[in-house]
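Report on one structure; see the data block that follows.
The values are calculated or read from the model by the stated rules, or taken from the named source; none is laboratory data. Being a predicted model, the structure only gives us computed values, none of them experimental. Here Cβ is always computed from backbone atoms with ideal geometry, including for glycine, and neighbour counts include all displayed protein chains.
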Amino acid sequence: MSSLTQIDEAQASRIRHTIWFGLIAIVVVWFGLMPTLGGNLSLYFSLMLWVTMATAFNIIAGFTGYMPFGYVAFYGTGTYATAILVVNFDISPYIAIPMAGVAGMVLALIFAPTLRLGGIYFAIVSLSLAVIMQRIMGLAPDDLTGGSHGLNLGAKTNRQDGYYAMLLVLVMALTTVTWLARSRLGKALKAIRDDAEAADAMGVNVQRSRLYAWLMSAAFASLCGGVQAWFTGALDPITAFDVLVTAKTVIYAMAGGLGTVTGPVVGTVILVWVDELIWREFPILNNFLLGLIIALLILFMPRGIVGTLMQRFPRMRRLIM
Amino acid sequence: MTADAILTTEGLTKRFGGLVAVDGIDIELKRGTVLGMIGINGAGKTTAMNCINGLYHNEGGKVYLNGADVTHRTPHEIAKLGVGRTFQVPRIFHRMSLIDNLLVTSLDSTLSDEQLTERAESFLERMNLFELRYNHGEELSGGQQKLLELARVMMFDPDLILLDEPFAGVNPALCRLLIDRILELRDSGKSFLLVSHDLTSIYKLSDRIVVLNQGQVIAEGGVDDIKTDPAVIEAYLGQQ
Amino acid sequence: MINEVLFWNALIGGVVFGVVYALIGCSLNVLAGVLRVINFAHGEFVIAGSFFAFAMLNSFGIHPLIALPISAVLFFFAGVVLYYVLVPRLALSDEPETASFLLMFGVSLMMVSVITWFFEADIRPMNFSFEPINVTLFKVADAYGPGRDGRVLVPTARLVTLVVNLALIIALTWFFYRTLPGKALRAATMNREAVQIVGINIHQLSAMAFGLAIALAGITGVLLALVVPSIDPNGGPDIALIGFIVIVLGGLGHPVGALFAGIIFGFVEQFSNLLLPQAAAQMVGFIILVAVIFVRPEGLFGKGQLK
C-alpha cells in the first residue's frame, strides 16, 4: 500500500479518470448493443432507469445532504408531462420529453422553499407533498390527466427509441455527476452536507448552491419519468407516484454509497440483480428480503459498499471517484 | 465609532425566548489589534460572536464592518466581506479531505485549481497537517481539527478573524503553535476578536480586553486595567 | 346544512378516533423524542396488535379486552429486544434520524410480509361486538323531516374503547409527570447527555422507552380492532402517517402535546370526511402536516425541535 502514497496527484487523477471513463465506455457499449443482441429490453431499460434515478438522487442526497422522501414527485411529473403533451396536445415525444425535464425543474423551484428545513422535517414534508400530488393527479379533470385510469400513449409508444433515449439520459447523468465530483460546486455541496452553517460562515452561498443541486436532481428524475412513459406507453397516478419508487432509489443509491460517483451505479446493479433473483426464485419472500437487506445495510454498512471501502482504505479514495 | 475600527457593535441584543443572552453590547475593535473577550460560561460571548458573523439573527442593535452596516446579513455575505471564524467545538467538514476543507473557502477565487491547491498545501504545512492532507476531516484529533480550522481561516485571507475558544482542549505545544500563528497574523495586519477562558493566553495576545457578564459589558480596557478591575475580579471570583 | 344526526356522529367519531390517534401519537413520540428514532414501522406494529386481537379471538376465543394486557406485555418485550438489536448501531451513523427512518422502513416491509404470510393479504373483518351492539345516546327531533326523528347511536365497542383509551391516557399522563421513570424519559427528551451525567443508565431507560412505545402501539392496535369494521395488513403507512401528523402538530417529543393533537386531528378528520369530497378529505392530513412544519415547526406545544 505504501506505493499508493507515492503516486502524485496528477498520476492519481489520470488513474481515476481512466477507470471511470473506461466504466462509462463499457456501459455505453453494453447497453447500446443489447437490443441487437436480443437481450431482455425491459430488464436492461429498467436497469438504466434505476441507475439514472440513483445517480440523480445522489446529487441532492449524497452530495448535498438532503433526503427527499418524495423524490418520486419529479419522476411522476415527468411521466405525466410527457403523456399529457403527447396524448392531448399531439406533441412529438422528442420534444415532450425534454419538456418533461423542464416541468421537473419548475416543480423543484416551487418546492425550493422546503430546502430551508433540512433533516427529517424536509424528508417528511417531501413525502407529504408527493402524496398530495398523487391525490391531485387523481382528482384533476379526466380529459387532461385520464383520472384514476391514467393515460396511454398508444401508437406513439416506441420501445426502440425509448430505450436509446434512456441510454442518452443515463450517460448525461453520469457525465454530470462526474463533472460535479471534481467541480467547485461539488465541493460547495459536500461542505453543505457536512455542516451547512459552517459552510455559510466560510463564504459558500448555501442557498444558491443547493438550489442548483436540487434542480439538477429533479430534472433527471423527471426525464426518467418522461422516457419511461415513452417506452412503456401507459401510466396511472398510482404507479407514477408510487412511494416504492423513492424507496428503491434511496436503497439502491445508499447500498452503493451516497456521495461517491461509482456508489449508486454499483449499488443499483447489484441490488437490481438481487431483486431479479429473489423475485424469480422466492416471489413470496420478495418484500421480506428487500426489507431485510435495507435493515442490514443501514445497520452494518450505512455508507454503502463503495463508501465503506473508501472509509477503510483512505489510500483508495484518490483512485476511485 | 472611530475611523480605524474594523468592527463595531452598537447595542447588540439577542434573546432566546425569555432569556436575554446578549443585552446591549457595544464593542469596538481597532484594525490590526487583538480584542480579547472574556467572561464566565453563559456570559454571552459565543452568542455575541454568532450575531456578529450572521449565524444568529439579533433582535436589537447593529453591527458595523469597516463602517458599513452589516446587521442581519447572511453569514456568507459577511464572510465575503473579509470575516473568518473558528468555532468552540471545531466545525470542520468531516467527510472531505483536508485540502478540500481549505478549498471550500475559495470557490469564487479567480486563481486556478492548481494555484489554490498549492496555497492550501502551504497552509497545511504551516499547521503540521501536510502529511494528512488527503485524509478526511473526521480522522483528525480534536487538536488537529482546531489547527485545520485556523488553516481554513488563513486560506481565504480575511481581515477580521473571530476565534471562539481556540485553546480549549489543546495541549501546551499546540497552544504555543497557535499563539505564534495568531501573533504572526496580527503583525501582518489582521484583526482578531478572541474569546477564551485561557487567561494566560488572553493576556499574552490581547491588546485590549472586554469583559462580559450576563450578556453585558462590565469592563473594557488594556490587560493591566482588566487584571485589577474590581468588577472583573468579583465576576471571576478572585481568578488570576 | 348538514343533517344534525350526521353532525353528532362526526363529533362523537372525532372523540373516539381522536383518543386512538392520541395514543398512536404518544407512543410514536416516545420513540422520536427520547430515542431520536423515527419509526416508519409504527403503523405495522399497530396492525400487528390488531391482528393479535383478531387471532386471540378467532383461534382461542379470548375477549379483546383480555387480549389487551396480554398484548401489552408481549409487545413490551418485543420492543426491548428490538431496541438492543437495532438502536445501539443507529447511534453511530452520520444522521441517526434519517437512518432510523430508513431502517424502520425496512422493518416495516418485513413485518407486512410476515403478517401477510400468516393472515393472507385480505382485509379481515373483526367479528366482535358487545351486547348491546349499539347504545342510543339521544334522540334528535325532526332530524329527517317533520315528525321523523333521528337517533344518535354509537356502537358499544366504540364507547368501551373510548373509556379504556381515556383511562390509558390518564395513566400515561400520570406516568410521565408523576413517576420517576416517566420524568427521566421527559428529561432525556430534552437533554440526553445531562440525563447520563445525573447517573441514569441511558441504555436501560432507552430500552424501557422502546418497550413502552411498542407496547402502546400493540394496545392501540387491539383497541383499533374494536373501533373499525375491518383490519388491513397494508394499512400500516396510513396509521404511521397519522402518527406523524399528530406528533408534529402536538410538538415533537412533547408527550401531552400528542394527546391534544390527536384529539384535534380526530375532529378534523371526521369533519373533513363529512364535509369534503373523499379525495380532498384524504389530503387534509398531509396539508396540515406541511402547514405546521412551515409555520410552526415546534407544533402547538413544543418548545424545541428535533434539530
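Descriptive notes on the structure:
- Looking across the stretch C:117-141, just one residue is part of a helix (DSSP H, G or I) and either closer than 16 Å to residue C:155 by Cα or within 8 Å of chain A (Cβ to nearest Cβ) (or both), and that is C:117.
- Selection of the stretch B:22-39 for residues being of a type in the set (A, V, I, L, M) and closer than 12 Å to residue B:217 by Cα yields B:22, B:25, B:27, B:37, B:38.
- If the condition is being under 18 Å from the mean Cα position of the chain (by Cα) and free of Cβ contacts under 8 Å to residues at least 24 places away in the same chain, then the stretch C:40-69 contributes only C:69.
- Scanning the stretch A:224-233 for residues that are assigned to a helix (DSSP H, G or I) and farther than 9 Å from residue A:82 by Cβ turns up A:224, A:231, A:232.
- Any hit, the stretch A:26-47, residues being within 13 Å of the chain's Cα centre (by Cα) and not aromatic (Phe, Trp, Tyr): yes
- Residue list for the stretch C:87-107, filter: more than 7 Å from chain A (Cβ to nearest Cβ) and of a type outside the set (D, E, K, R): C:87, C:88, C:90, C:91, C:92, C:96, C:100, C:104
- Residues located in the stretch A:134-165, provided they are within 14 Å of chain C (Cβ to nearest Cβ), buried (at least 22 other Cβ atoms within 10 Å of the Cβ) and either in contact with a Leu (Cβ under 9 Å, 6 or more places away or on another chain) or free of Cβ contacts under 8 Å to residues at least 40 places away in the same chain (or both): A:145
- Taken as a whole, the stretch A:250-265 holds at least one residue that is within 14 Å of chain C (Cβ to nearest Cβ) and out of contact with any helix residue (DSSP H, G or I) (no Cβ under 6 Å at 6 or more places or on another chain).
- Considering the conditions (1) of a type in the set (Val, Ile, Thr); (2) in contact with a Cys (Cβ under 9 Å, 6 or more places away or on another chain); (3) exposed (fewer than 12 other Cβ atoms within 10 Å of the Cβ), residue C:170 is excluded by exactly one of them, (2).
- Qualifying residue in the stretch A:166-175 (condition: within 10 Å of chain B (Cβ to nearest Cβ) and either more than 16 Å from the chain's Cα centre (by Cα) or over 30 Å from residue B:106 (Cα atoms) (or both)): no
- Failed condition for residue A:320, given (1) in a helix (DSSP H, G or I); (2) out of contact with any Phe, Trp or Tyr (no Cβ under 7 Å at 6 or more places or on another chain); (3) not hydroxyl-bearing (Ser, Thr, Tyr): (1)
- Test: residue in the stretch B:60-75 that is assigned to a helix (DSSP H, G or I) and either farther than 20 Å from residue B:220 by Cβ or within 11 Å of chain A (Cβ to nearest Cβ) (or both): yes
- Against the list (1) in a loop (DSSP other than H, G, I, E, B); (2) of a type outside the set (Val, Ile, Thr); (3) touching a residue at least 40 places away in the same chain (Cβ under 8 Å), the condition residue A:221 fails is (1).
- For the stretch B:136-155, a residue qualifies if it is crowded, with 20+ Cβ neighbours inside 10 Å and either among the hydrophobic types (A, V, I, L, M, F, W, C) or in contact with a His (Cβ under 6 Å, 6 or more places away or on another chain) (or both), and the qualifying residues are B:137, B:140, B:147, B:148, B:150, B:151, B:153, B:154, B:155.
- Residue within the stretch B:9-29 that is among the β-branched types (Val, Ile, Thr), within 14 Å of chain A (Cβ to nearest Cβ) and either assigned to a loop (DSSP other than H, G, I, E, B) or within 19 Å of the chain's Cα centre (by Cα) (or both) present: no
- Qualifying positions in the stretch A:282-308 - touching a Lys or Arg at 6+ places or on another chain (Cβ under 9 Å) and of a type in the set (A, V, I, L, M): A:290, A:298, A:299
- Any hit, the stretch B:214-229, residues being under 26 Å from residue A:202 (Cα atoms), charged (D, E, K, R) and either modelled with pLDDT under 90 or part of a loop (DSSP other than H, G, I, E, B) (or both): no
- Whether a residue is surrounded by fewer than 17 Cβ atoms within 10 Å (Cβ to Cβ), within 11 Å of chain C (Cβ to nearest Cβ) and over 23 Å from residue A:30 (Cα atoms) was assessed, and residue A:288 does not pass this test.
- Failed criterion for residue A:12 (all others in (1) among the small types (Gly, Ala, Ser); (2) within 19 Å of residue A:170 (Cα to Cα); (3) touching a residue at least 40 places away in the same chain (Cβ under 8 Å) hold): (2)
- Per the listing B:97, B:106, B:122, the residue uniquely at pLDDT 90 or above and within 24 Å of residue B:169 (Cβ to Cβ) is B:97.
- Residue within the stretch A:139-149 that is touching a strand residue (DSSP E or B) at 6+ places or on another chain (Cβ under 9 Å) and modelled with pLDDT of 80 or more present: no
- Residue C:248 vs. criteria within 10 Å of chain A (Cβ to nearest Cβ), of a type in the set (Val, Ile, Thr) and either within 25 Å of residue C:79 (Cα to Cα) or surrounded by fewer than 17 Cβ atoms within 10 Å (Cβ to Cβ) (or both): yes
- Filter pass, residue A:319 being away from chain C (no Cβ under 14 Å) and buried (at least 24 other Cβ atoms within 10 Å of the Cβ): no
- Looking at C:99, C:78, C:48, just one residue is more than 30 Å from residue A:249 (Cα to Cα) and in a helix (DSSP H, G or I), and that residue is C:78.
- Test: residue in the stretch C:263-280 that is in contact with a strand residue (DSSP E or B) (Cβ under 8 Å, 6 or more places away or on another chain) and within 19 Å of residue C:164 (Cβ to Cβ): no
- Just one of the listed residues (C:267, C:286) is buried (at least 19 other Cβ atoms within 10 Å of the Cβ) and farther than 20 Å from residue C:36 by Cβ, and it is C:286.
- Residue count for the stretch B:77-126, restricted to those that are touching a residue at least 24 places away in the same chain (Cβ under 8 Å), among the β-branched types (Val, Ile, Thr), more than 8 Å from every other protein chain (Cβ to nearest Cβ) and part of a loop (DSSP other than H, G, I, E, B): 1.
- The single condition from (1) in contact with a Cys (Cβ under 6 Å, 6 or more places away or on another chain); (2) surrounded by fewer than 18 Cβ atoms within 10 Å (Cβ to Cβ) that residue C:179 fails is (1).
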